[in-house]
Amino acid sequence: GPISVPSIEIEKNYTVQQSARRKDIERAFGVLKIKFNILNRPSLTGDLSLMNRILRVCVLLHNMVTSM
């Protein structure tokens, strides 16, 4: 979890990296919700591995579309 008051350099670095990753994930979810409508409804599978692959495919498709 997050470190509320990082005091040493490694804690500060961890907090910065965690914050950056959180922003990336929130941005990816926002794009997926808008572009693919995939996160606005319950998943049809309980398989976490399959959910992970679907999420990765959506991110890859988004990247392919935006890089054209």
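The values are calculated or read from the model by the stated rules, or taken from the named source; none is laboratory data. Computed from a prediction, not measured in an experiment: that's the story for all the values here. Surface areas here come from the heavy atoms of the whole protein model, side chains and all, with no ligands, DNA or RNA. Shrake-Rupley method; radii C 1.70, N 1.55, O 1.52, S 1.80 Å.
Over the Cα atoms of the chain, what radius of gyration and what Dmax do you get, in Å?
Over the chain's Cα set, Rg and Dmax evaluate to 15.7, 44 Å.
For ASP47, what accessible surface area do you get with a 1.4 Å probe? Give it in Å², rounded to 10.
70 Å²
At 0.36 nm per residue, minus the direct Cα-Cα distance, what do ALA20 and ILE38 gain on full extension? Give it in nm, one decimal, please. List each step's numbers first, then the result.
Values: separation 18, 0.36 × 18 = 6.48 nm, distance 2.34 nm.
Taking 0.36 nm per residue and subtracting the Cα distance, the gain is 4.1 nm.
Given the Cα-Cα distance of PHE29 and MET64 and 0.36 nm per residue of separation, how much length would full extension add, in nm? Walk me through the numbers before you get to the answer.
Working: separation 35, 0.36 × 35 = 12.60 nm, distance 1.64 nm.
My answer for the length gained is 11.0 nm.
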